[in-house]
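To start, the structure itself, in structure tokens.
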Protein chains: 2
Amino acid sequence: MIEKVNLAEKFGRFTDHWNPKIAGELNDSYVKLAKLQGEFVWHHHENEDEMFLVISGHLLMKLRDQDIHLDPGEFIIIPRGVEHMPVADEETQVLLLEPKTTLNTGSVVNERTVAKLERI
Amino acid sequence: MIEKVNLAEKFGRFTDHWNPKIAGELNDSYVKLAKLQGEFVWHHHENEDEMFLVISGHLLMKLRDQDIHLDPGEFIIIPRGVEHMPVADEETQVLLLEPKTTLNTGSVVNERTVAKLERI
């Protein structure tokens with residue numbers, strides 16, 4: 001049985017920040033949903049490109065050489081190896097697409113690392 | 001230089017239907033944007049799972065054993081091997097995510113097949 005995913009309904013199921021949930025999988029990737037608020041940590045992913053699509057709120061993606069501001073309906077792809085730090089002044093909902101091997105904090109492992117993702 | 005993609009701006013750049021354009025790439029996949037209107041063709045993809053996220057309009061995804069109706073903010077993942085036919089009564093904007101090897105008509109090659117995709 002194939003089921004569709006309604007983003008608003010899924011986002012309504014959780015309230016925590018910086019804790020991506022798996023909302024779908026295809027090929028070698030997961031579609032993840034996350035609520036962001038505040039600053040994350042500088043990190044990069046050694047072998048994975050990562051896509052952030054903003055669903056609500058506003059995302060500032062800090063790179064070492066530029067700041068990129070994203071509103072709903074905008075996405076950015078961070079290529080592997082590129083250091084980045086997501087920042088959200090207000091609560092921001094994002095859809096992430098990345099290989100199943102991707103750790104949220106990439107090359108950094110600290111208290112923000114979520115090793116085991118929930119499915120919603 | 002990394003650049004964000006604004007979906008509305010990209011959709012404003014083309015008017016044709018059933019002709020996906022490449023709007024980004026990550027890992028082994030393309031992010032594609034397409035405008036759909038009318039019926040497509042029944043097909044499946046032998047080796048690729050495919051994601052459809054509805055941005056505007058309304059998508060009816062016909063499967064052999066069920067119909068799935070998708071509104072904006074909803075997505076569906078069609079696993080490899082599953083026959084499907086997208087139908088859009090009104091013009092519908094979708095974001096597709098699929099491996100770079102994916103042909104729009106899958107196992108069927110006919111006048112609807114787009115072998116060489118434009119980038120926008």
- Read phi for every residue in segment B:58-72 and hand back ³J(HN,Hα) as whole Hz from Karplus 6.51 cos²θ - 1.76 cosθ + 1.60, θ = phi - 60°, with x for Gly and Pro. 8, 10, 9, 9, 8, 10, 5, 10, 6, 10, 10, 9, 10, 9, x
- Item | Probe 1.4 Å, protein heavy atoms only - accessible area per residue of segment A:20-69 in square angstrom | 36 Å²
- Which percent of the accessible heavy-atom area of chain B goes to carbon and sulfur, probe 1.4 angstrom? 47 percent
- Query: Hey, got the Cα dimensions of chain B along the principal axes, in Å, largest first?
  - Reply: 45, 28, 25
- Output the relative contact order of segment A:7-119, whole-number percent, from Cα pairs under 8 angstrom with separation of 6+ residues. 34 percent
- If R0 is 51 Å, what FRET efficiency do you get for B:VAL108 and A:ARG64 from their C-beta distance, rounded to 0.05? 0.65
- Item | Restricting segment B:15-120 to GluC sites (Glu not before Pro) in coil, as DSSP defines it, with at most 14 other Cβ within 10 Å | B:GLU46, B:GLU111, B:GLU118
- Which whole number gives the average count of other chain Cβ atoms within 10 Å of the Cβ atoms across peptide A:70-77? 5
- Message: So, R0 is 30 Å and r is the distance between the beta-carbons of A:GLU46 and A:ASP89; what FRET efficiency does that work out to, to 0.05?
- Response: 0.55
- Query: Please identify the trypsin sites (Lys or Arg not before Pro) of segment B:2-83 that satisfy two criteria: DSSP loop assignment and at most 15 other Cβ atoms within 10 Å. Which are they?
  - Reply: B:ARG13, B:ARG64
- Dimensionless Rg ratio for segment B:43-96, taking C-alpha atoms and the 2.2 N^0.38 Å reference: 1.06
- Message: Not counting ligands, DNA or RNA, and with a 1.4 Å probe, what is A:MET51's accessible surface area in Å² rounded to the nearest 10?
- Response: 0 Å²
- Per the Cα gyration tensor, the protein assembly as shown corresponds to an equivalent ellipsoid with semi-axes, largest first in Å, of 30, 18, 17
- Message: Just to check I understand the Karplus step: with θ = phi - 60° and J = 6.51 cos²θ - 1.76 cosθ + 1.60, what whole-Hz values come out for segment A:18-26, glycine and proline as x?
- Response: 6, 9, x, 10, 7, 10, x, 9, 8
- Query: If you put +1 on each Lys and Arg Cβ and -1 on each Asp and Glu Cβ, how big is the dipole of chain B around its Cα centre, in Debye rounded to 20?
  - Reply: 420 debye
- Note on the structure: Taking Cα pairs closer than 8 Å and at least 6 residues apart, the relative contact order of segment B:39-100 in percent is 48 percent
- Note on the structure: Interface buried area A-B, accessible surface with 1.4 Å probe, both sides summed, nearest 100 Å², comes to 2800 Å²
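The values are calculated or read from the model by the stated rules, or taken from the named source; none is laboratory data. Remember, it's a predicted structure, so these values are computed and weren't measured experimentally. Cβ sites come from the backbone with ideal geometry, for glycine too, and all protein chains shown count toward neighbours. To get the accessible areas, we keep the full protein, side chains included, count just its heavy atoms, and leave off ligands, DNA and RNA. Shrake-Rupley method; radii C 1.70, N 1.55, O 1.52, S 1.80 Å.
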